[in-house]
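Colleague: Structure provided below as structure tokens; questions to follow.
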Amino acid sequence: MQTFKVLPEGGSDSVEFNIGLRAGEVVGTAVASYSNNGYDQTQIRIMVGILPDNTINNTSVIQQKETPGLGTKMSDPKFSGQFVGIDPSKFELKVKKDGGDVDAITAATISS
């Protein structure tokens, strides 16, 4: 495995990339990222698994303190499952009301 971190321009924390290798070939990349734009002041931290064909294999919420029953639904498969199989370069990562492709969590647009 190869690991490296990148500090995004204007970012307050690094994004971490963990590249999985088998016999010298990339089998997937796990990206640990964050958002400071949730409803609560606590960073939302997620892990996204990306396959060699650039599609999302899975997502996992690692940290959040959003409103129970609303923003906490970001961990539910109904929300997180919409990203599985998606190529992020062909997906507008904004909620639909803002012209993007993300189905927002009802009453939790900020968390979405």
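Colleague: Measure off, as a whole percent, the carbon and sulfur share of the 1.4 Å-probe accessible area of the chain, all protein chains present.
Modeller: That share works out to 51 percent.
Colleague: Let me ask something additional. How much net charge surrounds residue 92 when only the other residues with a Cβ under 14 Å from the Cβ of residue 92 are counted, with Lys and Arg +1 and Asp and Glu -1?
Modeller: 0
Colleague: Report, ordered by chain and residue number, the aspartates and glutamates lying within cross-link reach of residue 90, taken as a straight Cα distance under 18 Å and ignoring same-chain residues fewer than 8 apart.
Modeller: Cα-Cα hits under 18 Å: 53, 98, 101, 103.
Colleague: GNM, the chain, Cα, under 10 Å: largest mean-square fluctuation among 53, 13, 87?
Modeller: 53
Colleague: Could you state, as a whole-number percent, how many of the C-alpha pairs of the chain are farther apart than 16 Å? Write out the running numbers ahead of the final one.
Modeller: Working: 3969 of 6216 pairs.
Within the chain, distances greater than 16 Å cover 64 percent of Cα pairs.
Colleague: Estimate the FRET efficiency between residue 103 and residue 14 by the formula 1/(1 + (r/R0)^6), using the beta-carbon distance for r and 25 Å for R0, to the nearest 0.05.
Modeller: Numbers: r = 29 Å, r/R0 = 1.16.
Once the sixth-power term is evaluated, E becomes 0.30.
Colleague: Skipping prolines and chain starts, which residues have an amide H placed within reach, meaning under 5 Å, of the one on residue 58, given they are 5 or more residues away or on another chain?
Modeller: Amide H neighbours of residue 58: 49.
Colleague: In Å², and per residue, what accessible area does the chain have when probed at 1.4 Å with the other protein chains present?
Modeller: Heavy-atom accessible area per residue stands at 65 Å².
Colleague: Going out from 0 in 10 Å bins, what whole percent of all Cα-Cα distances in region 1-55 drops into each bin?
Modeller: Percent of Cα pairs in each bin: 23, 44, 25, 7, 1.
The values are calculated or read from the model by the stated rules, or taken from the named source; none is laboratory data. Values in this document were obtained by computation on a predicted structure and should not be read as measured data. Neighbour counts are summed over all protein chains in view; Cβ atoms, including those assigned to glycine, are modelled from backbone coordinates with ideal geometry. Ligands, DNA and RNA are stripped out before the accessible areas are found, and what is left, the full protein with its side chains, is counted by its heavy atoms. Shrake-Rupley method; radii C 1.70, N 1.55, O 1.52, S 1.80 Å.
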